[in-house]
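Shown next, in structure tokens, is the structure this report addresses.
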Protein chains: 2
Amino acid sequence: MTTTLSRTDAFLDEARSLLGPKGLTTDPADLTQWLTDWRGRYTGRALALAAPASTAEVSALVKVCAKYGIPIVPQGGNSGMAGGATPDDSGTAILLSLRRMNAIRSLDAEAGQCVCEAGVILQTLHETAEANELRFPLTLGGKGSATIGGLVSTNAGGTQVLRHGTMRAQVLGVEAVLADGSIFDGLTVLKKDNRGFDLKQLLIGSEGTLGIVTAATLRLLPVASARATAWVGLPTITGARSLLRFVDRAMGDTLEGFEVIPDHCLESVLDHLPDARAPLSEHHEWNALIECISAEGDNASLRSELEKVLADAMESGLLDDAVLASNESQSEDFWLLRDSISAAERALGPAMQHDISVPVEAMPEFILAAIPEIESSFPGTKGAAFGHLGDGNVHFHILAPTGAKPGEWEENEGKLISARVYDLVTKWGGSISAEHGIGQMKVEELGRLGDPVALGMMRKVKEALDPAGLLNPGKLVPMPD
Amino acid sequence: MTTTLSRTDAFLDEARSLLGPKGLTTDPADLTQWLTDWRGRYTGRALALAAPASTAEVSALVKVCAKYGIPIVPQGGNSGMAGGATPDDSGTAILLSLRRMNAIRSLDAEAGQCVCEAGVILQTLHETAEANELRFPLTLGGKGSATIGGLVSTNAGGTQVLRHGTMRAQVLGVEAVLADGSIFDGLTVLKKDNRGFDLKQLLIGSEGTLGIVTAATLRLLPVASARATAWVGLPTITGARSLLRFVDRAMGDTLEGFEVIPDHCLESVLDHLPDARAPLSEHHEWNALIECISAEGDNASLRSELEKVLADAMESGLLDDAVLASNESQSEDFWLLRDSISAAERALGPAMQHDISVPVEAMPEFILAAIPEIESSFPGTKGAAFGHLGDGNVHFHILAPTGAKPGEWEENEGKLISARVYDLVTKWGGSISAEHGIGQMKVEELGRLGDPVALGMMRKVKEALDPAGLLNPGKLVPMPD
């Protein structure tokens with residue numbers, strides 16, 4: 001016991017002398033807020049909060065952690081969805097915040113590239129890009145807190161993946177500190193480079209289990225000059241897929257968003273937001289929110305192009321009704337309806353939420369098969385699937401029966417429901433985590449349902465690059481007991 | 001000795017009974033042609049040539065190899081540029097040809113996807129895509145022999161990378177047999193999938209050292225409906241970069257090729273091809289070959305668009321002269337000039353060829369610095385840089401002094417020159433292998449010049465996934481002695 005304590009003290013002394021008082025704290029007042037994830041689902045403990053100011057400091061700190069065998073939990077904006085940045089409750093790990101490393105090291109407008117440190121907040125990157133008449137083509141709800149390091153480490157998605165891909169597609173280079181404290185310097189952008197395994201790709205999406213991302217080179221695109229948003233009413237979800245293909249073909253590379261919303265979700269939102277209005281006068285089983293963005297031309301011409309395409313689609317029987325947003329503010333109103341579904345649902349009672357994907361072509365059939373199966377197996381529940389149809393990724397929520405006891409229901413029937421949803425998704429060749437990652441939330445389910453060959457490869461790679469298991473232990477990689 | 005022989009015999013018996021007479025041969029008449037790479041630079045020996053007919057057969061064979069400790073050298077079209085598919089001369093390995101696995105398992109025109117077995121020849125894929133009014137957006141000189149498995153394993157490049165990326169960008173899914181014979185099944189396409197490390201990316205470009213690619217899901221694009229090709233004369237290579245940026249911006253997503261050719265290379269080609277004519281009436285220090293492809297509109301309108309952009313560029317002083325190909329046949333004539341540079345050069349005597357990249361922005365300055373440095377350090381040599389400026393990737397050739405003895409010169413001064421070129425490229429933050437891979441040709445140079453941190457990661461991953469070192473030994477990964 002004495003030995004353990006003094007080793008911990010020795011570690012803290014060494015780390016403190018390395019990082020200074022701004023870089024290391026053990027004060028609960030500073031620590032507490034970062035030990036619970038933003039949704040309040042996970043709470044852990046930590047030896048200390050370390051906040052290095054540079055890659056060199058991260059490297060030095062990781063070396064000290066390696067020397068003393070101290071686990072490291074990296075954290076960005078603490079806005080993850082899977083508890084990936086929350087330590088366990090053993091209190092043996094340090095929480096390594098990257099938030100102080102928030103410099104945009106360089107921006108080359110001509111090349112459309114910038115180098116961001118891990119702690120740069122997504123919103124800041126958006127604003128910096130805009131100031132340079134560029135844009136960063138990835139956004140999501142947590143943009144005011146999510147950091148570049150966290151987005152890279154979790155391969156974040158969002159609402160523009162249909163056209164621009166996930167974070168992986170935006171990352172041109174990565175700098176990371178490895179388990180032994182060495183620095184992987186992969187920031188230089190080479191369009192062609194066949195010097196071996198693509199180690200950058202291995203680090204992206206690895207949730208800090210193979211290395212700590214300290215900076216990334218990101219691509220920037222020409223600023224959007226035109227935007228057109230439409231709200232469409234449809235009889236069926238299979239019809240939504242046909243419309244998606246039609247619009248995708250007709251609008252070329254401008255189609256950036258194709259979200260689907262069932263009627264009952266729209267109803268919940270309208271009940272929840274007293275000032276909101278339904279975009280269409282009549283009810284439709286399904287709604288689609290379509291957004292096109294172009295770097296050329298103006299709003300009016302893009303809108304009239306989309307309008308013509310939707311009129312053609314209507315003539316072909318691909319939709320029942322459609323309305324175009326006549327200005328930016330109406331576009332925002334349409335998106336507010338889409339973005340308020342989760343909040344509206346929370347007001348209705350407990351629900352199990354699942355971030356899942358199947359092949360784009362199979363999604364309508366999956367929804368049509370899975371919702372009745374769940375609803376009939378768990379009487380009184382109500383299924384809702386909405387979101388990124390164009391990515392084969394919906395948020396698949398199951399609402400509790402009326403009167404279900406919050407807290408208790410999730411722990412009991414809710415857990416059974418989630419297991420069944422993940423069974424179904426796996427049967428359909430899909431993913432139990434489309435865009436939110438595995439973190440600690442789904443690591444057990446991944447161990448249960450993941451392909452044993454892929455899991456075996458993951459474990460071997462993890463053990464090879466982090467043999468002591470100090471990098472974000474218990475996250476992402478299901479290790480054998 | 002007896003033991004070794006009988007173990008080999010036992011292995012061959014087991015492999016033969018697994019694959020049948022069509023699947024395994026030790027007859028030198030069948031083997032010899034595959035034991036030398038197509039450029040005749042490397043010759044090896046092998047125990048046998050195995051040609052399994054299915055993924056299950058590959059898996060079973062690899063298990064037998066693992067049992068007897070037999071190294072495996074996978075081979076596709078044997079048209080690689082770095083000796084990556086040629087065994088060493090120990091004769092202990094088997095050559096594993098994937099050529100019999102040449103089925104296109106499925107093609108979904110609606111989704112723009114197809115699943116190809118490793119042995120499908122690129123040309124066949126092009127023709128199949130075309131028959132479905134689609135295209136596969138990667139091509140290269142060896143398309144008549146290069147196989148999908150080889151292209152995936154080497155992350156092949158080509159002339160359309162500027163717009164469509166390397167092979168990595170075309171691969172939506174991978175199936176591979178791992179070192180223990182297990183099958184990694186990653187063919188299902190999910191636009192969003194965050195279930196852990198992206199193992200597919202690890203296999204792409206790993207040259208058969210981590211697994212044997214047996215099939216891949218590839219993306220297909222709408223067929224090209226319009227093409228416009230231009231030949232441009234320019235005073236400087238830095239001017240070529242300015243023109244690249246100008247055309248890239250003005251032509252939007254249609255710019256697919258931007259190749260640069262110095263005047264003296266064009267001269268060599270014109271000497272070499274008696275029927276060829278210079279596209280422009282006067283000499284220019286540099287030439288650029290520009291190609292735009294569109295899935296919409298017709299040739300005439302795309303040509304007039306490009307013509308207008310080039311006229312604007314000329315007015316802005318970005319080029320000296322330009323001519324547009326007036327039909328397909330003239331486009332082909334322009335490309336023939338570009339594609340004949342290597343052949344024309346060979347007629348001039350020995351040369352050292354280097355497939356290198358640096359950041360796109362730095363390429364002109366690199367060429368301007370590196371050629372004089374080499375020419376002055378090695379008197380009588382002549383440097384030539386030509387190719388994919390838009391990718392930061394040129395073919396950097398150094399021609400021998402007049403009278404140099406073929407064979408001898410390459411082995412002596414040539415080797416020193418290559419080492420110097422790779423030193424310079426590394427100093428400029430570039431890659432000693434842009435698109436041809438490492439194979440056996442550059443593995444020593446990669447060991448000498450690679451980032452020690454990246455090399456360390458590669459070795460650890462290689463050892464973790466192929467602990468016995470049986471998958472394509474001696475290729476790609478510089479192992480410590």
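Once a ≥ b ≥ c are taken as the square roots of the eigenvalues of the Cα gyration tensor of the stretch B:104-222, is the result rounded (a/c under 1.5), prolate (a/b larger than b/c) or oblate (a/b not larger than b/c)? Write down the numbers at each step before the final one.
Numbers: a/c = 1.57, a/b = 1.34, b/c = 1.18.
Prolate is the answer for the stretch B:104-222, as a/c is 1.5 or above and a/b outweighs b/c.
Across every pair of different alpha-carbon atoms, what Kirkwood hydrodynamic radius in Å does the stretch A:80-161 reach?
Numbers: mean 1/r = 0.0720 Å⁻¹.
Evaluated on the stretch A:80-161, it is 13.9 Å.
For the pairs B:415/B:475; A:192/B:382; A:63/B:427; B:382/B:427, note any where the Cα-Cα span goes beyond 23 Å. As for pairs spanning more than 23 Å Cα to Cα, those are A:192/B:382; A:63/B:427.
Here the stretch A:271-426 is treated as an ellipsoid with the same Cα gyration tensor; its semi-axes, largest first and in whole Å, are 33, 19, 14. Modelled this way, with points 7 Å down the Cα-to-C-beta line, the labels at residue B:103 and residue A:402 are 5.5 nm from one another. Computed from Cα positions, the angle between helix A:415-427 and the longest principal axis of chain A comes to roughly 80 degrees. Separation of the stretch B:95-160 and the stretch A:101-180, taken as the distance between their Cα centroids, equals 33 angstrom.
Between the stretch B:444-465 and the stretch B:40-61, the alpha-carbon centres lie 26 Å apart. For chain A, the relative contact order comes to 15 percent (Cα pairs under 8 Å, sequence separation of at least 6). The slack in the chain from residue A:423 to residue A:43, taken as 0.36 nm per residue of separation less the alpha-carbon distance, amounts to 134.0 nm.
Which GluC sites (Glu not before Pro) in the stretch A:101-172 sit in a loop by DSSP (not H, G, I, E or B) and have at most 13 other Cβ atoms within 10 Å of their own Cβ? Can you show the working numbers first?
Working: sites: A:110, A:117, A:127, A:130, A:133; in loops: A:110, A:133.
Sites meeting the loop and neighbour criteria: A:110, A:133.
Simple point charges give the picture: +1 on the Cβ of Lys and Arg, -1 on the Cβ of Asp and Glu, and for the stretch B:104-222 a dipole about the Cα centre of about 360 debye.
Which loop-located trypsin sites (Lys or Arg not before Pro) does the stretch B:257-312 contain, where loop means any DSSP state but H, G, I, E or B and the Cβ has at most 10 other Cβ atoms within 10 Å? Intermediate results must be reported in sequence, preceding the final value.
Numbers: sites: B:277, B:303, B:308; in loops: B:277.
Sites meeting the loop and neighbour criteria: B:277.
When the Debye formula is applied to the Cα atoms of the stretch B:2-97, each taken as the same point scatterer, what base-10 log of I(q)/I(0) results at q = 0.12, 0.16 Å⁻¹? Here the Debye-derived log intensity ratios amount to -0.35, -0.62. With neighbours defined as other Cβ atoms within 10 Å of a residue's Cβ, the residues B:101, A:352, B:314, B:363 order from fewest to most as B:314, A:352, B:101, B:363. Taking the fewest neighbouring Cβ atoms within 10 Å as the starting point, the ordered list for A:206, A:242, B:153, B:377 is B:377, A:242, A:206, B:153. With the label put 7 angstrom out from Cα along the Cα-to-Cβ vector, residue B:300 ends up 3.0 nm from the copy partners, going from closest to farthest.
Add -39500 (n - 2.57) for each DSSP H run of 4 or more in chain B, then divide by its residues: what number comes out at 222 nm, to the nearest 500 deg cm²/dmol?
So the helix-based figure for chain B works out to -10500 deg cm²/dmol.
To the nearest 10 degrees, how steeply does helix B:2-19 sit against the main Cα axis of chain B, on a 0 to 90 scale? So the inclination is approximately 70 degrees.
Taking the C-alpha atoms only, the angle from helix B:452-465 to the longest principal axis of chain B is near 40 degrees.
Let me know the charge dipole size of the protein assembly as shown about its Cα centre in debye, to the nearest 20, where only the beta-carbon of Lys, Arg (+1) and Asp, Glu (-1) is charged. Please list the in-between numbers first.
Working: 80 positive and 126 negative charges, 556 e Å.
Approximately 2660 debye in magnitude.
Inter-part distance, the stretch A:207-265 to the stretch B:361-420, computed on C-alpha centroids, equals 47 Å.
Treating each Cα of chain A as one equal point scatterer and applying the Debye formula with no solvent, the log10 of I(q)/I(0) at q = 0.11, 0.12, 0.14 Å⁻¹ comes out as -0.97, -1.13, -1.42.
In plain terms, if you count all Cα to Cα distances in the stretch B:349-427 and split them into 10 Å steps from zero, the share in each step is 19, 55, 23, 3 percent. Excluding same-chain neighbours fewer than eight residues apart, the aspartates and glutamates reachable from residue A:462 by a Cα-Cα span under 14 Å are A:180, A:207, B:198, B:463. For the stretch A:250-300, the square roots of the Cα gyration tensor eigenvalues, ordered a ≥ b ≥ c, give a/c of at least 1.5 with a/b greater than b/c, which places it in the prolate category.
Please average, across the residues of B:429-440, the number of beta carbons from any other chain that are within 10 Å of each residue's own beta carbon, and give a whole number. It would help to have the intermediate numbers written out before the result.
Numbers: counts 5, 5, 7, 3, 5, 6, 4, 2, 3, 3, 1, 0.
Shielding by partners across B:429-440 averages 4.
Stokes-Einstein, applied to the Kirkwood radius of the stretch B:226-340 over Cα pairs at a viscosity of 1.306 mPa s and 10 °C, places its translational diffusion at 113 µm² s⁻¹.
All C-alpha pair distances within the protein assembly as shown, sorted into 10 Å bins from zero, spread as 2, 11, 19, 24, 22, 14, 7, 2, 0, 0 percent across the bins. Cβ-to-Cβ counts within 10 Å put A:342, B:79, B:433 in ascending order as A:342, B:79, B:433, the fewest first. If the segment from residue A:316 to residue A:32 were pulled out straight at 0.36 nm per residue, it would be longer than the present Cα-Cα gap by 96.4 nm. Remark: label point of residue A:31 defined 7 Å out from Cα along the Cα-Cβ vector; separations to the same position in other copies 6.6 nm, ascending.
Rule-based calculations on the coordinates, nothing more; no lab input. Here the structure is a predicted model, which is why all the values come from computation and not from measurement. Note: ideal-geometry Cβ built from the backbone for every residue, glycine included; neighbour counts use all protein chains shown.
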